[in-house]
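Novice: Please find one structure pasted underneath; my questions will follow.
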Amino acid sequence: MTLPGVKRIIAVASGKGGVGKSTVSVNLALALAAEGHTVGLLDADIYGPSQGLMLGVPEGTKPNVAGEYLEPIEVHGLQVMSMSFVTSDRTPAVWRGPMASGALQQLLAQTYWQKVDYLVVDMPPGTGDIQLTMSQQVPLSGAVIVTTPQDIALLDARKGIEMFRKVEVPLLGIVENMSMHTCSECGHREAVFGSGGGDDIAAEYDTTVLAQLPLSMAIREQSDGGKPPMISDPEGEIAQIFRGIAQKIHGMIESVQKAGPRIQIMDD
């Protein structure tokens, strides 16, 4: 399946929920846009879409329909599409795997992306039907794995990495979330969930740690409030970390493209 109007597609994935994958997805998309790229964001978490909330899209917002296509919602300079825009927040998607995969394929095929340099895909947690649909049917330029330092999270992150390796999707790197907590009162820094896990898994799979994000209440509050760090504090520490991630990813994809890669770049 090709996506007209989309040049590069980046999957942001995790082996388990609750590690901050959606937060990384939205801020990465905003960081790529801040670097001058035209960016789309696809919320592929069919069962628990959250990007509308994170971007402050008013409840009940629906995409315009142009013929058989849905036009993405434009917010904060991004083109955004999510299952939450075409269903109600109070109507959960109680679907078996094939039905969920079919819904995702419909979103992919019927969204009218407009000259997007990067489409960031917020994947659902795990390694099931939806992940395989994305990996096998869409020409992914690469995948970013989000994890936390705990052993159980790293175990699940390995499963996600192995899945992308089996379907020959390039691994762009690891983002370790909640890696360090700094006390707001005394400034003491502590690795609440352990340390070194991201580095270990990166070494194991010959990849890189793109960034280590702190355990921060501000990140959660800003994201839940519809203004993630890239919007609420664009010059702040967290925003600069995400801009660094965006720069690294763009550089990697550019260098692989010039080398005659497996990565597939689609013309407009």
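Novice: Where the centre of each part is set by its Cα atoms, how far does the stretch 204-258 sit from the stretch 105-147, in angstrom?
Specialist: Result: 19 Å between the Cα centres.
Novice: Calculate the spin-label point distance for Gln110 paired with His37, positioning each point 7 Å from the Cα along the beta-carbon direction, and give it in nanometres.
Specialist: It works out to 2.8 nm between the two label points.
Novice: Greater than 29 Å separation of Cα atoms is the criterion. Which listed pairs, Lys115/Lys248; Lys62/Lys248; Lys115/Lys227; Lys166/Lys248; Lys21/Lys115, meet it?
Specialist: Beyond 29 Å: Lys62/Lys248.
Novice: Collect residues whose amide H, placed 1.01 Å from N in the peptide plane, falls under 5 Å from the amide H of Val6; neighbours closer than 5 in sequence don't count.
Specialist: Val116
Novice: Once you list every other residue whose beta carbon is under 15 Å from the beta carbon of Ala44, what net charge do they have if Lys and Arg are +1 and Asp and Glu are -1?
Specialist: Result for the neighbourhood of Ala44: -3.
Novice: Over the heavy atoms of Tyr112, what accessible area does a 1.4 Å probe trace out, to the nearest 10 Å²?
Specialist: It works out to around 110 Å².
Novice: Would you work out what percent of the accessible area of the stretch 18-78, with all protein chains in place, is carbon or sulfur (probe 1.4 Å)?
Specialist: Carbon plus sulfur share of accessible area: 50 percent.
Novice: Further question: For Met81, what is the net charge nearby, where nearby means another residue's Cβ is under 11 Å from its Cβ and Lys, Arg count +1, Asp, Glu -1?
Specialist: Result for the neighbourhood of Met81: -4.
The values are calculated or read from the model by the stated rules, or taken from the named source; none is laboratory data. Nothing here was measured: the structure is a model prediction, and the numbers come from that model. All Cβ positions, even for glycine, are placed from backbone atoms using ideal geometry, and neighbour counts span all protein chains on display. Ligands, DNA and RNA are excluded from the accessible area calculation, which covers all protein heavy atoms including side chains. Shrake-Rupley method; radii C 1.70, N 1.55, O 1.52, S 1.80 Å.
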